[in-house]
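**Student:** Quick one: structure below, then a few questions.
The values are calculated or read from the model by the stated rules, or taken from the named source; none is laboratory data. Because the structure is a prediction, the values reported are computed rather than measured. Cβ: placed from backbone, ideal geometry, glycine included. Neighbour counts: every protein chain shown. Just so you know, the surface numbers come from the protein's heavy atoms only, side chains and all, with ligands and any DNA or RNA stripped out. Shrake-Rupley method; radii C 1.70, N 1.55, O 1.52, S 1.80 Å.
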Amino acid sequence: MKKEMRVAKYDEFSGPKAVKVGKMEVPDLKEGEILVRIEAAGVNPVDAVITKGYYKDMMPHSFPIIPGWDFAGVIEDRGHAARRFEVGEEVFAYARRPEVKWGTFAEYIVIPESYVARRPENISMEAVSAIPLAGLTAYQSLYQYGNLSAGQKLLILGASGGVGSFGIQLAKAKGAEVIGVASKKNHDYMKSLGADHTVDYNGGDVGEAVKEIYPEGVDLIFDCTSGETLQQSLKCLKDSGKLVSILNQGNELDPKIDFQFVFVEPNALQLNHLRQLVEEGKVKVQVSKTYKLEEAVDALEQIASRHTTGKIVIKP
Ligand SMILES: NC(=O)c1ccc[n+]([C@@H]2O[C@H](COP(=O)([O-])OP(=O)(O)OC[C@H]3O[C@@H](n4cnc5c(N)ncnc54)[C@H](OP(=O)(O)O)[C@@H]3O)[C@@H](O)[C@H]2O)c1
């Protein structure tokens, strides 16, 4: 008889409320894959977005869908050629695959071993599970595409959320100067992560506020919010500066702006670097709340609010 697992799953694109806890068979382990017992799963805004069907024409999918793309867990079995890790090793991964189907809000996942990295040793598995998607997004946006370097001035829009929290710390690890934008209640939090300055998007024009701090402007804007905040901030970007956005695809932007849209990709080598930074104490992981699998709807509704501080995770 096939092994069963408890999962959170849904059968229609009608939003987070369609997600129910139930059972599914654990998929067969194929060549190059590993079976992982999931200890914790990070929750990201995209998980809630997908339940609403926004990506249904762009991403192949089949119901029932298990939400979640982040996990930390323990390897329980390996396919024939999967030999990078031993059974019993603790790993983490960003598990987005070509078909939306087998997510991480579940007791088990079967995944190609090329996706996973050994987990940081110095933090809890809950905290580890909060790293992959948000950590890789900040990493790829700032290090890979933003080419951030020491001494540069960086403005992060939405700096107290999952991605922004990693963004502040990765920027400080590079020796950059950081202005974090979020509402007032998150300013002490952003400073605790290393932000040199903070700006409240409810307190007036964000671009003007930044120019009071750096009259010459900033070298890089990392946009995790878009909308009015982004429009206001463009006036403080240096002529030689760059804009990296994870939301805006650049359609209505001035074509003179050096612009890059980033959609985060799985990358185990970059996860290895993130692990090092966490183990060196340069990046801390802030989990503001842990939910049970039965509370997946609450977790998805919280992340859909766009006002989560740090990260939230689910423990199956
Ligand atoms: N393209 C990609 O690969 C990619 C990857 C990851 C995420 N994303 C997207 O990027 C966005 C951020 O992701 P996340 O995980 O960091 O989300 P999150 O954890 O929900 O954080 C959102 C943050 O934005 C702040 N915020 C809300 N409205 C704002 C405004 N008008 N101006 C400035 N800050 C504002 C919030 O702070 P307050 O509570 O203080 O308002 C909150 O800290 C989401 O829309 C997500 O879907 C895209």
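**Student:** Give the relative contact order (percent, whole number) for the chain; include only Cα pairs under 8 Å separated by 6+ residues. Show your work: numbers first, answer last.
**Tutor:** Details: 764 pairs, mean separation 64.4, N = 316.
20 percent.
**Student:** Now for a different question. Starting from the stretch 34-68, pick out the trypsin sites (Lys or Arg not before Pro) whose DSSP state is loop and whose Cβ has at most 13 other Cβ atoms within 10 Å.
**Tutor:** Numbers: sites: 37, 52, 56; in loops: 52, 56.
Qualifying residues, ordered by number: 56.
**Student:** With every protein chain kept in place and ligands, DNA and RNA left out, what is the accessible area per residue of the chain? Probe 1.4 Å, answer in Å².
**Tutor:** Values: 13520 Å² over 316 residues.
In whole numbers, the chain has 43 Å² accessible per residue.
**Student:** Still on this structure, I have one more. Which percent of the accessible area of the stretch 47-104 is formed by carbon and sulfur heavy atoms (probe 1.4 angstrom)? Write down the numbers at each step before the final one.
**Tutor:** Working: 1310 of 2560 Å².
Its accessible area is 51 percent carbon and sulfur atoms.
**Student:** Using a 1.4 Å probe over the heavy atoms of the protein chains, calculate the carbon and sulfur portion of the accessible area of the stretch 136-250 as a whole percent. Mind showing how you got there, number by number?
**Tutor:** Working: 1840 of 4190 Å².
Ligands and nucleic acids excluded, carbon and sulfur give 44 percent.
**Student:** Next up: Set the bar at 30 Å for Cα to Cα. Now go through 242/311; 20/282; 242/282 and name every pair that lies beyond it.
**Tutor:** Values: 242/311 27 Å; 20/282 38 Å; 242/282 25 Å.
Checking Cα-Cα distances, 20/282 exceed 30 Å.
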